[in-house]
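Since every read-out is calculated from the coordinates, none of them should be taken as a lab result. Keep in mind it's a predicted model, so treat the numbers as computed, not measured. Positions of Cβ are generated from backbone atoms using ideal geometry, with glycine treated the same way; all protein chains shown enter the neighbour counts.
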Amino acid sequence: MMEKMNGLSPDLIIHPGETVKELLEKNEMTQEELAIRTGYSAKHVSEVISGKKNISSKFANALEYVFQIPTDFWINLQGIYDKEILELEKMNNIEAEEFSVLNELKDIVRYCEANNIIKTSLNKALTLLNMRRFLKVNNLLSIPNLPLQQVAFRGSKKTKVNINILYAWKRICEYLTEKVDVKSEFNKELLKEKCQEIKKTMFLEANEMILELKKIFSECGIVFDVVHNFAGAPVQGYIQKRKDKVLLCMTIRQSFSDIFWFTLFHEIGHLINDDFSNQYIDYCFIESEVEKKADNFARNQLINDYDYKKFIEKGKYNISTIREFAKKEGVKPGIVIGRIQRETNDYTFMAQYKEKYKWVSNI
């Protein structure tokens with residue numbers, strides 16, 4: 001993931017675990033067998049070989065018995081690696097405060113490693129340098145000064161925002177969508193026509209729903225994806241207008257499907273209302289007439305306002321009547337329940353009938 005730099009390159013710093021790996025291949029020995037022969041766990045051996053754990057003096061002594069290579073060799077090899085890491089930190093002007101930022105991003109780092117976005121290391125300096133490159137900054141401390149106003153967010157107003165995590169989440173969205181081609185330029189009129197088709201996808205199984213949404217949005221010149229959410233970045237939806245396409249990313253941070261669908265149509269509302277003709281407008285966690293207009297669009301797209309008022313005026317609604325009304329409006333019952341909850345401020349109302357989306361994660 002890292003390019004060569006002047007002086008000492010991260011690519012040339014080899015963890016001692018690589019030598020262990022080469023010896024295993026030479027001796028046609030598995031990691032499991034080495035674990036048995038050294039008396040260490042298979043997990044320990046695996047982490048040494050992958051560079052996530054250093055070679056201790058005791059493990060070095062065990063390796064001497066297995067490979068007939070002196071303990072001092074392994075200790076010296078580890079020492080050379082440690083010295084090169086120190087030189088690397090000095091050369092790249094890594095500050096202690098930058099490691100604090102890296103620690104804030106620990107969940108982002110784990111996600112990026114699990115999804116082969118960056119390569120991590122036991123040594124934080126190498127991980128930090130890889131995160132610098134992925135986040136496209138020379139120093140992680142510069143993140144708060146970057147122009148996040150170039151995008152529009154929709155998220156919780158109550159949850160504290162960590163600007164470092166928020167920026168990193170945005171960068172993940174860009175990474176996941178930057179190589180995706182769309183069928184045409186952004187087409188607002190076509191998007192209007194597709195709203196009912198988009199709405200119908202809520203009846204599909206979750207993964208099939210996402211695939212169908214990607215297809216529909218692509219026809220409108222929009223790259224769509226559902227992206228993993230992280231504590232510190234309380235984002236539910238995000239749009240960014242670029243030269244060649246529009247990005248629309250969603251999370252399932254609050255899990256309830258009614259929140260997902262309301263947010264999705266809120267973002268569509270911004271695009272249809274031309275709120276994003278200037279990509280430097282910031283709608284991040286603020287109240288405004290523009291936001292209210294997008295909210296109204298979302299409400300009316302999901303459930304017709306006139307129909308909803310007539311339904312509420314009857315005053316006798318239970319799960320049977322809600323299901324009947326939801327079917328008439330072409331939505332799932334949870335959408336109707338969610339609207340009643342919001343407008344009555346009673347979030348316990350029939351909560352057991354609301355559908356949730358669950359993120360299946362590999363981290």
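Remarks
- Using a cut-off of 30 Å between Cα atoms, the listed pairs Lys136/Lys354; Lys124/Lys170; Lys83/Lys179; Lys215/Lys316 include Lys136/Lys354; Lys83/Lys179; Lys215/Lys316 as exceeding that distance.
- Evaluated with a Cβ-only charge set (Lys, Arg +1; Asp, Glu -1), the chain carries a dipole of roughly 1220 debye about its Cα centre, given to the nearest 20.
- Taking Ile312, Ile239, Ile222 in turn, the Gaussian network model of the chain (Cα-Cα springs below 10 Å) assigns the largest fluctuation to Ile312.
- When the charge dipole of the chain is built from unit charges on Cβ atoms (+1 for Lys and Arg, -1 for Asp and Glu) and taken about the Cα centre, the candidate among Ser320, Ala125, Gly330 whose Cα reaches farthest toward its positive end is Ser320.
- Relative contact order %, segment 148-302, counting alpha carbon pairs below 8 Å whose residues are six or more apart: 32
- Karplus-based coupling profile of segment 197-213, in residue order and whole Hz: 5, 4, 4, 5, 5, 5, 8, 7, 4, 3, 5, 5, 4, 5, 4, 5, 5, with θ = phi - 60° in 6.51 cos²θ - 1.76 cosθ + 1.60 and x standing for Gly or Pro.
- Sequence-ordered 3J(HN,Hα) estimates for segment 26-33 from the Karplus curve with 6.51, -1.76 and 1.60 and θ = phi - 60° stand at 4, 8, 6, 10, 8, 4, 5, 5 Hz, glycine and proline given as x.
- Qualifying aspartates and glutamates (Cα of each under 13 Å from Cα of Lys358; at least 8 residues distant if same chain): Glu205
- Dipole magnitude for segment 148-302: about 320 debye, using +1 per Lys or Arg Cβ and -1 per Asp or Glu Cβ, origin at the Cα centre.
- Ranking of Glu98, Glu22 by count of other Cβ atoms within 10 Å, fewest first: Glu22, Glu98
- Length-normalised contact order for the chain - Cα pairs under 8 Å, 6+ apart - percent: 13
- Between amide H atoms placed 1.01 Å from N, distances below 5 Å from Gln236 occur with Arg154, Gly155, Ser156, all of them 5 or more places distant or on a separate chain.
- Inter-probe distance in nm under a simple model that places probes 7 Å from Cα toward Cβ, at Thr348 and Glu212: 3.6
- Mean residue ellipticity, 222 nm, helices only, the chain: the sum of -39500 (n - 2.57) across DSSP H runs of n ≥ 4, divided by residue count and rounded to 500, is -16500 deg cm²/dmol.
- Within straight-line cross-link reach of Lys293, aspartates and glutamates at Cα separation under 13 Å, skipping those fewer than 8 residues along the same chain: Glu267, Asp274, Asp275
- For segment 306-363, applying the loop criterion from DSSP together with a ceiling of 10 other beta carbons within 10 Å to the trypsin sites (Lys or Arg not before Pro) yields Lys316, Lys358.
- Neighbour counting of Cβ atoms within 10 Å sorts the residues Tyr238, Tyr306, Tyr111, fewest neighbours leading, into Tyr306, Tyr111, Tyr238.
- The computed Rg and Dmax of the Cα atoms in Å for the structure shown corresponds, within (i) 20.0, 62; (ii) 21.6, 75; (iii) 26.1, 86, to (iii).
- Value of relative contact order over segment 305-353, rounded to a whole percent, pairs C-alpha under 8 Å and six or more apart: 24
- Panel order for Asp244, Asp258, by other beta carbons found within 10 Å of each beta carbon, from fewest to most: Asp244, Asp258.
- Karplus-derived 3J(HN,Hα) values for segment 162-172, using 6.51 cos²θ - 1.76 cosθ + 1.60 with θ = phi - 60°, are 9, 4, 5, 5, 4, 5, 5, 5, 4, 5, 4 Hz; glycine and proline are entered as x.
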